[in-house]
Amino acid sequence: MKSTAVCVVLSSLALVAAVLAVPAVADPRVGVTSATTGGPTGKPPAQAERVLHVGVDVQANEIVTTGADDRAHLLFLDGSSLTVGPQARLTIDRFVYDPNNKTGALAISASQGIFRFVGGKISKTTPVTVTTPAATLTIRGGIMIVSADASRTVAIFVFGNDMTVTAAGHVTTVTRAGWQVTTFAGKVPGQPAPTPPGSLANELAKLEAIGNKAGSGDADKAAKDSGFTDLNSGLGPGGQPIGANNTTISGEATNAVNNVGTALQKPTINQPPPPPPMPPGGGGSLGCGPRC
C-alpha cells in the first residue's frame, strides 16, 4: 500500500512538473482593424490569409497587404495606430506590451507603400522601429509618415521627440516637426530638410481616402470611439490635439508644412521680448517718447 501511495504521489509531482515546464502560450493578438477601404488582407503565421474587415484582430508576425484600391487602419493594444495606404506590404515583426508598466516593444517591416504611424504608450519610453529596403527608422513619442519602395525611403517627422534614419552605417536624427529625410538603397541617409509643400500630396491623399469614402468607416472616429485616443502621442485628454496640432488623417499634411522650422515637440522657454529700438538721436531711457 505504501509503495502504491508513493508511486501515485511521484506520478502526480511529475505531472505537475511537466505542466509547469510548458511555457504559457502568448496571446497572438496585438491589435484590431478599426477602419478599411476596399479589401486589405492579413496573413497570420499559422492561419490562412483573410480580408481585414473592421473588427478583425491583427496578430504578431502578420503580413498585411493592400491593393490599388485598399487602405487599412490598424489600432494596437498600446494605443499606437498604423494607417496603411494602397499597394503596400508590411509585417508586424514584434509586439510586446505590458499594460501595467505601459512599456513594451514594436517593430514593423515595410517593403513598399505609404504608411502613417502614430505612437502610443510604447513609443513614449521605447523607440518604435520601422525597417524598409533602404533604411531603418525609429520614432519616439510621435508621428511619422513613411513612403517606401525597393530603391528609396522618404520619412517625414510630423510630431514627437525625435525620428532617426539609419542606413549604410550612418544615423540621421530629426527633431523638427515637418522635416523629412530621403534615403536611397545602399546609400547613407540624406540630410534633414523641410518637407516641400505638395511633395507628398498624392500619397497623403491616398491615406485620407480611408476616412472620406462612404461606407468604409472613419479611421479617426473609430480611434476616438475606441477610447485609445488618450494614449496616442500628440493627443491630450479627450483626444484633443496638443498645441493646436491636428493629428487626424486629413490634418497631417497641413501640420507637416505649417510646422516646418519649428520644434513643437520640445518645451519652449519664454524669453522676455527684446527692447524697442532707440529713437533717432540715441540716448534716453527705454520707452521714452519723441520728447527725449
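If you scan segment 82-112, which residues turn out to be over 15 Å from the mean Cα position of the chain (by Cα) and under 18 Å from V64 (Cα atoms)?
Selection gives P86, Q87, A88, R89, S111, Q112.
Mind checking whether some residue in segment 168-180 is modelled with pLDDT under 50, surrounded by fewer than 13 Cβ atoms within 10 Å (Cβ to Cβ), out of contact with any helix residue (DSSP H, G or I) (no Cβ under 8 Å at 6 or more places or on another chain) and not in a strand (DSSP E or B)?
Our first condition is that a residue be modelled with pLDDT under 50; within segment 168-180, this holds for none.
The answer is no, given that none of the residues of segment 168-180 is modelled with pLDDT under 50, surrounded by fewer than 13 Cβ atoms within 10 Å (Cβ to Cβ), out of contact with any helix residue (DSSP H, G or I) (no Cβ under 8 Å at 6 or more places or on another chain) and not in a strand (DSSP E or B).
Being at pLDDT below 95 and either under 11 Å from S81 (Cβ atoms) or among the aliphatic types (A, V, I, L, M) (or both) is the filter here; which residues of segment 99-113 pass it?
Once the filter is applied, which keeps residues that are at pLDDT below 95 and either under 11 Å from S81 (Cβ atoms) or among the aliphatic types (A, V, I, L, M) (or both), segment 99-113 yields nothing.
Checking the structure you have, find out if any residue of segment 138-161 is in contact with a helix residue (DSSP H, G or I) (Cβ under 9 Å, 6 or more places away or on another chain), outside any strand (DSSP E or B), buried (at least 23 other Cβ atoms within 10 Å of the Cβ) and modelled with pLDDT under 95.
yes
Step by step: first the residues of segment 191-208, then only those that are touching a Ser or Thr at 6+ places or on another chain (Cβ under 8 Å) and buried (at least 18 other Cβ atoms within 10 Å of the Cβ), then the one that is modelled with the highest pLDDT. Which residue is that?
Across segment 191-208, the extreme among qualifying residues is P192.
Counting only residues that are among the basic types (K, R) and under 13 Å from V30 (Cβ atoms), give me the strands (runs of 3 or more DSSP E) lying completely in segment 68-111 with at least 2 of them. Let's see the steps before the verdict.
Details: elements: 71-76, 81-84, 89-98.
In segment 68-111, no matching strands (runs of 3 or more DSSP E) lie anywhere.
Going residue by residue through segment 120-131, is there one that turns out to be within 19 Å of K206 (Cβ to Cβ) and open to solvent by less than 20 Å² (accessible area, probe 1.4 Å)? Walk me through how you get there before you give the answer.
Taking segment 120-131 and keeping what is within 19 Å of K206 (Cβ to Cβ), we get 130.
Those left that are additionally open to solvent by less than 20 Å² (accessible area, probe 1.4 Å): 130.
Within segment 120-131 (the criterion being within 19 Å of K206 (Cβ to Cβ) and open to solvent by less than 20 Å² (accessible area, probe 1.4 Å)), the answer is yes, since at least one residue qualifies.
Do we have any residue at all in segment 8-28 that's exposed (fewer than 15 other Cβ atoms within 10 Å of the Cβ) and modelled with pLDDT of 55 or more? Don't jump to the end; show me each part of the working.
Here is the first cut: in segment 8-28, the ones exposed (fewer than 15 other Cβ atoms within 10 Å of the Cβ) are 8-27.
Applying the additional criterion that residues be modelled with pLDDT of 55 or more yields 26-27.
Looking for residues that are exposed (fewer than 15 other Cβ atoms within 10 Å of the Cβ) and modelled with pLDDT of 55 or more, one finds at least one in segment 8-28, hence yes.
May I ask you to verify whether V64 is within 14 Å of G39 (Cβ to Cβ) and not aromatic (F, W, Y)? Outline the logic, then answer.
Values: within 14 Å of G39 (Cβ to Cβ): yes; not aromatic (F, W, Y): yes.
Yes; evaluated as a whole, the condition is true for this residue.
Quick one: in segment 86-101, of everything that is under 19 Å from V32 (Cβ atoms) and in contact with a helix residue (DSSP H, G or I) (Cβ under 9 Å, 6 or more places away or on another chain), which residue is surrounded by the most Cβ atoms within 10 Å (Cβ to Cβ)?
F95
Condition test on A46, is it at pLDDT below 90, open to solvent by 80 Å² or more (accessible area, probe 1.4 Å) and either polar (S, T, N, Q) or touching a strand residue (DSSP E or B) at 6+ places or on another chain (Cβ under 9 Å) (or both)?
Numbers: at pLDDT below 90: yes; open to solvent by 80 Å² or more (accessible area, probe 1.4 Å): yes; either polar (S, T, N, Q) or touching a strand residue (DSSP E or B) at 6+ places or on another chain (Cβ under 9 Å) (or both): yes.
Considered against the rule, which asks whether it is at pLDDT below 90, open to solvent by 80 Å² or more (accessible area, probe 1.4 Å) and either polar (S, T, N, Q) or touching a strand residue (DSSP E or B) at 6+ places or on another chain (Cβ under 9 Å) (or both), A46 comes out as yes.
The values are calculated or read from the model by the stated rules, or taken from the named source; none is laboratory data. The structure displayed is predicted, hence computed values, not measured ones. So basically every Cβ, Gly included, is an ideal-geometry build from the backbone, and we count neighbours across all protein chains shown. Side chains included, ligands, DNA and RNA excluded: accessible areas come from the protein's heavy atoms. Shrake-Rupley method; radii C 1.70, N 1.55, O 1.52, S 1.80 Å.
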